[in-house]
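Working notes, structure below.
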Amino acid sequence: MQDVIKAHRKIVHLSFPPESSGRPVVCNLTRLFDLTFNILQASISPRQEGSLTLELTGSEENYTKGIAYLSEQGIKVQVVAQKIFRDEEACIDCGMCTALCASKALHLDRATRRIQFDSEKCTACGMCTRVCPVNAMNVQLDEDW
Ligand code: SF4
Ligand code: SF4
């Protein structure tokens, strides 16, 4: 029976130094490592620092190689799911965040009436942090690893 290679899917945040902004490094993820990407957020200007949030899909091996390639190009890579935190005790399940969460990372569990958070779906858009009345959602993408 033929082996089935499971698709590896991750949402990553890239920070580009000014000298990287003109190079086709993201397209090279497809060309060199057979990874598909979906741009979720972009802030790139010529000769300035920039940032991109990407959804990357491919084999786990190629994902690892692609991330190593980006790092070699001087690009800081942060896995979004590891930089999003919800303070479970602070959350009062008001549901305000769910209306703004386009990726459905925050959703109402109808059985328990509690708000559930799936960090793997989160795109780090930050919308929930703007409406949460008790600051239960925290997005930390700026500090060094
Ligand atoms: S930052 Fe908040 S609103 Fe944005 S995708 Fe993540 S959980 Fe949803
Ligand atoms: S807005 Fe804040 S308090 Fe309300 S459900 Fe979302 S995380 Fe919880």
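Carbon-plus-sulfur fraction of the accessible area of the chain, 1.4 Å probe, in percent? Please list the in-between numbers first.
Details: 4470 of 8990 Å².
The computed percentage sits at 50.
So what is the relative contact order for the chain, in percent, with contacts set as C-alpha pairs under 8 Å and at least six apart?
Values: 251 pairs, mean separation 34.9, N = 145.
Reported as a whole number, the value is 24 percent.
Answer with one residue from Leu35, His8, Pro24: the one whose Cα lies farthest towards the positive end of the charge dipole of region 8-81, charges on Cβ with Lys, Arg +1 and Asp, Glu -1.
Pro24
What does the accessible area of Lys65 come to, in Å² to the nearest 10, when a probe of 1.4 Å is used?
Roughly 100 Å² of Lys65 is accessible to a 1.4 Å probe.
With a 4.7 Å Cβ cut-off, tell me which Cys residues in the chain come up empty for a partner.
Cys27, Cys91, Cys94, Cys101, Cys122, Cys125, Cys132
How charged is the neighbourhood of Phe117? Take every other residue with its Cβ under 12 Å from the Cβ of Phe117, and add Lys/Arg as +1 and Asp/Glu as -1. Mind showing how you got there, number by number?
Values: positive: Arg86, Lys104, Arg114, Lys121; negative: Asp87, Glu88, Asp93, Asp109, Asp118, Glu120.
Once positives and negatives cancel, what remains is -2.
Place a +1 charge on the Cβ of each Lys and Arg in region 8-81 and a -1 charge on the Cβ of each Asp and Glu, then give the dipole magnitude about the Cα centre in debye, rounded to the nearest 20. Kindly include the intermediate steps, with their values, before the conclusion.
Values: 7 positive and 7 negative charges, 22 e Å.
It works out to roughly 100 debye.
Could you rank Met137, Met96 by how accessible they are, 1.4 Å probe, largest area first? Don't jump to the answer; show the numbers that get you there.
Values: Met137 15, Met96 100 Å².
Per-residue accessible area, sorted high to low, gives Met96, Met137.
Rounded to the nearest whole Å², what accessible area per residue is found for the chain with the 1.4 Å probe?
Numbers: 8990 Å² over 145 residues.
Dividing the accessible area of the chain by its residue count gives 62 Å².
Just from its helices, what would the mean residue ellipticity at 222 nm be for the chain, if runs of 4 or more DSSP H residues each count -39500 (n - 2.57) and the sum is divided by every residue, rounded to the nearest 500 deg cm²/dmol? Don't jump to the answer; show the numbers that get you there.
Numbers: 3 runs with 27 residues, N = 145.
Estimated from H runs of four or more residues: -5500 deg cm²/dmol.
Two decimals is fine: what's Rg over Rh for the chain, C-alpha atoms, Kirkwood radius as Rh? Display every interim value, and only then the final one.
On the way: Rg = 17.1 Å, Rh = 16.6 Å.
That ratio equals 1.03.
Considering the Cα trace of region 8-81, what is its radius of gyration and what is Dmax, both in angstroms?
Values for region 8-81 (Cα only, Rg and Dmax): 11.2, 32 Å.
Tell me the angle of helix 60-72 to the major Cα principal axis of the chain, expressed in degrees between 0 and 90 and rounded to the nearest ten.
In the chain, helix 60-72 runs at an angle near 70 degrees to the longest axis.
Leaving ligands, DNA and RNA out of it, work out the accessible area of Val80 with a 1.4 Å probe and give it in Å² to the nearest 10.
Rounded to the nearest 10, the figure is 0 Å².
Placing +1 at every Lys and Arg Cβ and -1 at every Asp and Glu Cβ, with all other atoms neutral, what dipole size does the chain have around its Cα centre, in debye to the nearest 20?
Working: 16 positive and 18 negative charges, 87 e Å.
Its charge dipole is roughly 420 debye.
Give the whole-number value, in cubic angstrom per residue, of the convex hull volume spanned by the C-alpha atoms of region 87-139.
On the way: hull volume 3.9 nm³, N = 53.
Taking the convex hull of the Cα positions in region 87-139, it is 73 Å³ per residue.
For Thr57, what accessible surface area do you get with a 1.4 Å probe? Give it in Å², rounded to 10.
40 Å²
The values are calculated or read from the model by the stated rules, or taken from the named source; none is laboratory data. All figures in this text were calculated on a predicted structure; none of them were measured in a lab. Every residue, glycine among them, receives a Cβ derived from its backbone with ideal geometry; neighbour counts consider all protein chains shown. To get the accessible areas, we keep the full protein, side chains included, count just its heavy atoms, and leave off ligands, DNA and RNA. Shrake-Rupley method; radii C 1.70, N 1.55, O 1.52, S 1.80 Å.
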